[in-house]
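Computed from the coordinates by the stated procedures, all read-outs in this text should not be read as laboratory data. On a predicted model such as this, the values are computed, not experimentally measured, just so you know. When we count neighbours, we look across all protein chains shown, and the Cβ atoms used for this are built from the backbone with ideal geometry, even at glycine.
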Amino acid sequence: MNAAKNKQDTYYESIIKNGFSRRDFMTFTAFMAAYMGYETSSIAQIANALKTTPRLPIIWEHYQECTCCSESFIRTDHPIAANIILDKVSLDYTLTLMAASGHQAEAAKKATMEKYKGEYILCVEGSVPLGEEGVFCCIAGKTALEQLKEAAAGAKAIIAWGSCASNGCVQSSKPNPTNATPIHKIITDKPIIRVPGCPPIGEVMAGVIVHVIAFGKLPELDRQGRPKAFYAKRVHDSCYRRPYFDAGLFVEEFDDENAKKGYCLYKVGCKGPVTYNSCGTMKWNNGVSYPIQSGHGCFGCSEDNFWDNGPIYERLTNVPGFGIEANADKVGMVAAGVVAGAAVGHAIASKMSKRKELKERIVSGKDLEKQVE
Amino acid sequence: MTTISHDFKRVFVWEAPVRLFHWINVLAILTLAATGIIIGNPPAIMSGAEATNQYWFGINRYIHFISAYILTFNMLYRMFWSYMGNKYANWKQFFPYNKKGIKNTLFVLKHHVLLQNEKVYDFRKNIIGHNPIAAISYSLLFILMLIQIFTGFGLYADNSTWFFPKLFAWVPSFLGGDMNTRLIHHITTWGFIIFTIIHVYLAMWHDWLEGRGEISSMFGGYKFIRKERLKKEEEKND
């Protein structure tokens, strides 16, 4: 970053100015390094980066969303993440949390976009409606699509917060009336970090931002553009109820004895086995709990199209095109029954149609039987 | 119908590697389907024992994964043998690739599936190796196996450190997530069940109606053909 152009405080200076001690700062740094899965030596690297790097300008856009991502972010378990990164230092523009409003807010955004062209990070919360020329979501007289394209043009990188921005979430589920579209399908010429989840875990969000600040580059991403540090493991494989799964002890219904004992929620539709997230290890609300710990199965909020992936409380999903109640096994059983019936029918028809051939063989067989010594 | 000879000759059709492939495949598919259905919908075994003393569901999955490896490498071995084996094991057997093949396919469709009788019974039309319709069904089974291998190892890749399952790690993201991959994997199992019903029925049907040792051929390797048919083969070869 250009230091001459940017005489603002470094992260560390802002943190100290805000009344935190150096100890708080180091605790925060250690937290973040641990969340990102780095070894202890990288704590110093992160601390150093936060001490020397001037603030990274961030524009935070809100489109079709419910603000749960912001809510999650401001509740990260170390206050520095929320106070410093989000509230006090970095955010040049965010509809929900900035003091300015109306023309002032738009002017602040414009100023940031011009001053830090090619340097700022664009965070996007929410999907973009493409239907009806985008009239379903307009901000400051422009459609979300225009806003996004304008903001993305000068961005260094884009972070797609939450399921809305990274896969469309509920508003893009069938029949998707507004044609809600995730960011990566609109902007194709910028690096995009997808941080799915409804919402993503606050510490994951902080971890992604701190990584970008501390190392000056994007975190390692998987095939779907998600940071590997947080989305490489299935919820199932890090679940504390996993021993019950391997032991074949399952909750059959939510109010049964097994549910009270805390058995595995696999049979009541837990989507942990098909969901990649950090819930099992980081948990939520300062590590207090997460859905499975509270007795409710994971419903796969960080997976693509999770709203269209069938019933939340059943293992089997419905098979498209076979009606509402037709799951894969019902369709399979009917098909196998039809085939077995057809085989019986075929056997009976063979007996009738091929009777001459059969008879001839039986006759010759019996003839030969007589010749046996 | 003219009276035809019932003088049968014993002909070696299925070589040992082909028979071995067949029975390993049978065991693998049965095991995979059974353990797979249990994984999809585990029975409610209520037990007073502590979870620490139990691992049956883990073992069930373990058997599923082992059988998957066996099925996969068995299939690769059969593909190799389709270049090495006799003409009945050859890869060309699995597609009606020329005029004769198409003619035979239509013949089987008309007389075996739709049960029409030949005006003049022609023993020369008895098929010795795979009949063309069966061969097509094996090609379809092969595709089903490929689907299961790709989706199954795709789902498994994340649990593994070996390179082989990792080769399929791209599959779930290609199919739109683990959820969808799992659904495809689950539905395809029913394809195997339906194939098995048809396959076993038709093997019995041929044994019953033609009396040429259709079923025992998969144990011993020999089928029986009419003496006259043998001559024709010789003439053709000359």
If we count trypsin sites (Lys or Arg not before Pro) as exposed when they sit in a DSSP loop and have at most 11 other beta carbons within 10 Å, what is the longest stretch of chain A that avoids them all?
-> A:8-216
Under 20 Å by backbone N from the virtual spin label 7 Å along Cα-to-Cβ at A:Ser101, the residues of the stretch A:117-152 are A:138-142
Rank-order B:194-204, B:144-154 by packing density, defined as the average count of other C-beta atoms within 10 Å over each peptide's residues, highest first.
-> B:144-154, B:194-204
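Over all distinct Cα pairs, what is the inverse of the mean 1/r for the stretch B:122-235, reported as the Kirkwood hydrodynamic radius in Å?
Taking the inverse mean of 1/r over all distinct Cα pairs, the stretch B:122-235 comes out at 17.1 Å.
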Give the angle, between 0 and 90 degrees and rounded to the nearest 10, that separates the Cα long axis of helix A:355-371 from the longest principal axis of the Cα atoms of chain A.
-> 60 degrees
Chain B: D in µm²/s via Stokes-Einstein (Kirkwood Rh, Cα pairs, 37 °C, 0.692 mPa s)?
-> 160 µm²/s
Taking every eigenvalue of the Cα gyration tensor of the stretch B:4-86, multiplying by 5 and rooting it, what semi-axes result, largest first, whole Å?
-> 41, 16, 9
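Just counting partner chain Cβ atoms within 10 Å, what average do the residues of peptide B:192-203 show around their Cβ?
So the per-residue partner count for this stretch is 3.
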Which percentage, to the nearest 5, of the DSSP beta bridges contained in the protein assembly as shown is antiparallel?
-> 45 percent
Choice from A:Ala165, A:Ala180, A:Ala347 showing the highest fluctuation, given a GNM over chain A with Cα pairs closer than 10 Å = A:Ala347
Could you tell me how many degrees, from 0 to 90 and to the nearest 10, lie between the Cα long axis of helix B:227-237 and the main elongation axis, the longest principal axis, of the Cα atoms of chain B?
-> 90 degrees
Principal axes of the protein assembly as shown: Cα extent on each, largest first, Å | 112, 57, 44
